[in-house]
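Got a structure for you, written out below as structure tokens; questions coming shortly.
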Amino acid sequence: MKFKKINPLSIKELFISQLEEMILSGELKPGERLPTEREIADEMNISKTVVHEGIRELSRMGFLDVISRQGVYVADYTSTGNLDTLFAIIRYRGGMPDKKMITSLLDVRLYLECPAMEILAKNHTQKDIKQLEQLQENTKRAFPENMEAFATALFVYRRTIVLLSGNCISPLIMNAFFTSSISAWVDYSQFIGKEHIYENLVKTTECISKGDSDTPKALFQEHIERFRAHILA
């Protein structure tokens, strides 16, 4: 076995990290104009090239607006950001999403999974149903394990519904969010309860096999809204 060399963070990465923290902490506020690249470089004792490249990267992430001949401004990252911005926010918060982020992720789940259930109910094959039956049993076998193992088995079942619907982008979005939101999936599983979740999955598979998407969508929405109310209480 050969281990790879661990490289320390570059100056550019440290610069980006510092500005991310200043923006996310509110020290730098949306609309605020940054000093010139030369002024920042002199104050931080780094090269102007590092500052220039770091600003370009922070602009790509939605944290900064670079306006030609006017300067660099702190952006409203909630409207200009992307997945990299989201992951930066989660890193800043120590991997623990706050209530607003969790409820937003619940909305994303509704947007992705409800249409997928409709499509799969109309266009499934027997192989699809067999796969869902196997995955629902995997969640049952995870009962004796820790809650994270159960939540992971649940995630795989829910993601497979989206995957089998034929959408090749939505499962990637779910994967991107899963690592950062595993704590929310665990909390969801604890609140709803393993047995209740398993019964829901069995009912979901049965209904999809019969071409019924309304029932599993209603069951799913009920659990999501119950958990949302719990989070906001």
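Taken together, the values in this text are just the output of simple stated rules run on the coordinates, not laboratory data. What you see is a predicted model; the values in this text were computed from it and never measured. Note that we place each Cβ from the backbone using ideal geometry, even for glycine, and neighbour counts take in every protein chain shown.
Say a site is exposed when it is one of the GluC sites (Glu not before Pro), sits in a DSSP loop, and has at most 15 other Cβ atoms within 10 Å; what is then the longest site-free stretch of the chain?
Longest site-free region, per DSSP loop and neighbour criteria: 33-144.
A follow-up question, please. Using only DSSP helix segments of four residues or longer, with each worth -39500 (n - 2.57), what per-residue ellipticity at 222 nm results for the chain after dividing by its residue count and rounding to 500?
Helices in the chain give a 222 nm mean residue ellipticity of -23500 deg cm²/dmol.
Using every alpha carbon pair in region 154-226, what percent of pairs falls into each 5 Å bin from 0 up to the bin containing the largest distance?
Pair shares across the bins are 3, 14, 23, 26, 22, 10, 1.
Below 19 Å, Cα to Cα, which lysines can residue 12 reach? Residues fewer than 8 away in the same chain don't count.
Within the straight-line cut-off, residue 12 pairs with 48.
Then there is this: Report the full-extension gain for the segment residue 179 to residue 84: residue separation times 0.36 nm, less the Cα-Cα distance, to one decimal in nm.
Contour length minus the Cα-Cα distance gives 32.8 nm.
What order do you get for 114, 168 when you list them from fewest to most C-beta neighbours inside 10 Å?
In increasing order of surrounding Cβ atoms, one gets 168, 114.
Of the listed pairs 100/194; 127/194; 99/122, which have alpha-carbon separations greater than 32 Å here? Please list the in-between numbers first.
Details: 100/194 25 Å; 127/194 26 Å; 99/122 35 Å.
Over 32 Å Cα-Cα: 99/122.
Still on this model: Per-residue HN-Hα couplings for region 120-127, Karplus 6.51 cos²θ - 1.76 cosθ + 1.60 at θ = phi - 60°, whole Hz, x for Gly and Pro?
5, 4, 7, 10, 6, 10, 5, 5
Provide, as a two-decimal number, the C-alpha radius of gyration of region 1-124 over 2.2 N^0.38 Å, N being how many residues it has.
1.39
Give me the Å³ per residue figure for the convex hull around the C-alpha atoms of the chain. Working shown, then result.
Working: hull volume 39.7 nm³, N = 233.
Residue-normalised Cα hull volume stands at 170 Å³.
Oh, and also: As an exercise, use a Förster radius of 22 Å and the Cβ-Cβ distance of residue 36 and residue 9 to find the FRET efficiency, rounded to the nearest 0.05.
0.35
To make sure I understand, if each residue's beta carbon is the centre and we count other beta carbons within 10 Å, what order do 92, 188, 77 fall in, fewest to most?
92, 77, 188
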